[in-house]
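The values are calculated or read from the model by the stated rules, or taken from the named source; none is laboratory data. The structure displayed is predicted, hence computed values, not measured ones. Here the Cβ positions follow ideal geometry from the backbone for every residue, glycine too, while neighbour counts run over all protein chains shown. Heavy atoms of the whole protein, side chains included, go into the accessibility calculation; ligands, DNA and RNA do not. Shrake-Rupley method; radii C 1.70, N 1.55, O 1.52, S 1.80 Å.
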Amino acid sequence: MATSSMKSIPMAVPSFSMCHKLELLKEGKSKGQEDHEGLSYEFQEMLNSLPKERGWRTRYLYLFQGFWCQAKEIQAIMSFQKHFQCLPNDVVLATIPKSGTTWLKALTFTILNRHRFDPVSSGTNLHPLLTSNPHDLVPFFEYKLYANGDVPDLSGLASPRTFATHVPFGSLKDSIEKPGVKVVYLCRNPFDTFISSWHYINNIKSESVSPVLLDEAFDLYCRGVIGFGPFWEHMLGYWRESLKRPEKVLFLKYEDLKEDIETNLKKLSSFLGLPFTEEEERKGVVKAIADLCSFENLKKLEVNKSNKSIKNFENRFLFRKGEVSDWVNYLSPSQVERLSSLVDDKFGGSGLTFGLS
Ligand code: PAP
């Protein structure tokens, strides 16, 4: 964890002192199973009662609360669900992995903190994004705050507190039910999300797990077996909630952000209750945020070339191509047909479309 970067902006992101660990989840090692290290005997017993499939980067994915998840993520999610107390004004950024989480964190952090850290003069005032990876500025519930069954003290965080999660809506909803708590969901088309996931997993997976070949990963993906999947249930869960309660859940699409970032920044800012003023627009604040958080800008920063943020994975793997439709370079015609008909089948009639060419 890049705690040093967190120290440089104490008001926005104080260090999270860990209060205590969940008794149930303490200690216990299972030899030869890296993904079970540190899990209690009772917890492993519970895992053994869950359906499981071959994991992408750990030995297994388990079916927990209706979605596929790694053992340590389950441990963290249980701690989160038991202990997290939301406050009015909390902001939760939600994605299925590889949908543009890093980008959404950068944009939201910059919007919410723009009066403390002016994006227009980001170069001279040393904006936190220039020295910290977005994952260090907006922590995940399951990979950082509640990882290892920890229970963090979040009382010192400045409002609005901003968090992130990959947990599907059904498993998040009870934790965010106070009025004023807002959720922003970023969705990316399932084809690119798959390709991005496949590259990332093979870059960061542990050496004890054999590489996942594209064909095998594709089959797992189409069967819904991917972290926090099935992808269609993840996307539709947030989509339906955004239709039901647009003041609570904002649903954005990666492709829309790529096409017109400034319009989407204004939408995001208004949703968060901090619309851009005319003066800000005149001063070029919207464009400055778009530029500061752009793929090209973030990728070239030293912190994103050489440091590690989430779970000790190298930041550079979070910035691969950042393009729309890279999947055309990888999928065979029969794979395109299979995924297309799955998408038609699962999303048909929902109103959620992806504009795939
Ligand atoms: P995470 O869910 O594990 O945090 P996430 O950030 O969602 O990962 O996914 C990384 C993808 O977002 C990469 O896509 P690619 O593999 O197709 O290239 C990455 O390039 C892309 N990405 C990261 N930052 C940005 C950005 N600022 N703008 C656009 N795309 C970005």
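Taking segment 216-245 as the region of interest, how many residues are closer than 16 Å to residue 342 by Cα, open to solvent by 10 Å² or more (accessible area, probe 1.4 Å) and not in a helix (DSSP H, G or I)?
Residues flagged as closer than 16 Å to residue 342 by Cα, open to solvent by 10 Å² or more (accessible area, probe 1.4 Å) and not in a helix (DSSP H, G or I) within segment 216-245 amount to 3.
When residue 273 is evaluated against the numbered criteria (1) touching a Lys or Arg at 6+ places or on another chain (Cβ under 9 Å); (2) surrounded by 14 or more Cβ atoms within 10 Å (Cβ to Cβ), which criterion, by number, is the only one it fails?
Unmet for residue 273, out of (1) touching a Lys or Arg at 6+ places or on another chain (Cβ under 9 Å); (2) surrounded by 14 or more Cβ atoms within 10 Å (Cβ to Cβ): (2).
Out of (1) within 16 Å of the ligand (Cβ to nearest atom); (2) crowded, with 18+ Cβ neighbours inside 10 Å; (3) not acidic (Asp, Glu), the odd one out for residue 320 is which?
(2)
One line per residue, one yes/no per condition, for (1) crowded, with 19+ Cβ neighbours inside 10 Å; (2) among the charged types (D, E, K, R):
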| residue | (1), (2) |
| --- | --- |
| 138 | yes, no |
| 146 | yes, no |
| 153 | no, yes |
| 167 | yes, no |
| 175 | yes, no |
| 179 | no, no |
| 198 | yes, no |
| 211 | no, no |
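With the structure loaded, tell me whether residue 52 is open to solvent by less than 10 Å² (accessible area, probe 1.4 Å) and either modelled with pLDDT of 95 or more or within 16 Å of the ligand (Cβ to nearest atom) (or both) or whether it fails that test.
Working: open to solvent by less than 10 Å² (accessible area, probe 1.4 Å): no; either modelled with pLDDT of 95 or more or within 16 Å of the ligand (Cβ to nearest atom) (or both): yes.
Answer is no for this residue.
Just name the residue that is surrounded by the fewest Cβ atoms within 10 Å (Cβ to Cβ) out of those in segment 246-258 that are farther than 18 Å from residue 101 by Cβ and in contact with a strand residue (DSSP E or B) (Cβ under 9 Å, 6 or more places away or on another chain).
247
For segment 136-215, give me every one of the strands (runs of 3 or more DSSP E) that falls completely inside it and has 2 or more residues that are within 15 Å of the ligand (Cβ to nearest atom) and hydrophobic (A, V, I, L, M, F, W, C). Lay out the reasoning, then the answer.
Working: elements: 150-152, 162-165, 182-187.
Ranges flagged: 162-165, 182-187.
For the structure I just gave you, tell me whether residue 325 is open to solvent by less than 80 Å² (accessible area, probe 1.4 Å), near the ligand (Cβ under 9 Å from one of its atoms) and of a type in the set (Ser, Thr, Tyr).
For residue 325, the condition - open to solvent by less than 80 Å² (accessible area, probe 1.4 Å), near the ligand (Cβ under 9 Å from one of its atoms) and of a type in the set (Ser, Thr, Tyr) - is not met.
Is one or more of the residues making up segment 281-301 away from the ligand (no atom under 16 Å from the Cβ), exposed (fewer than 12 other Cβ atoms within 10 Å of the Cβ) and assigned to a helix (DSSP H, G or I)?
Looking through segment 281-301, at least one residue is away from the ligand (no atom under 16 Å from the Cβ), exposed (fewer than 12 other Cβ atoms within 10 Å of the Cβ) and assigned to a helix (DSSP H, G or I).
Go through (1) at pLDDT 95 or above; (2) open to solvent by 10 Å² or more (accessible area, probe 1.4 Å); (3) not in a helix (DSSP H, G or I) for residue 92 and report which single condition fails.
Against the list (1) at pLDDT 95 or above; (2) open to solvent by 10 Å² or more (accessible area, probe 1.4 Å); (3) not in a helix (DSSP H, G or I), residue 92 comes up short only on (2).
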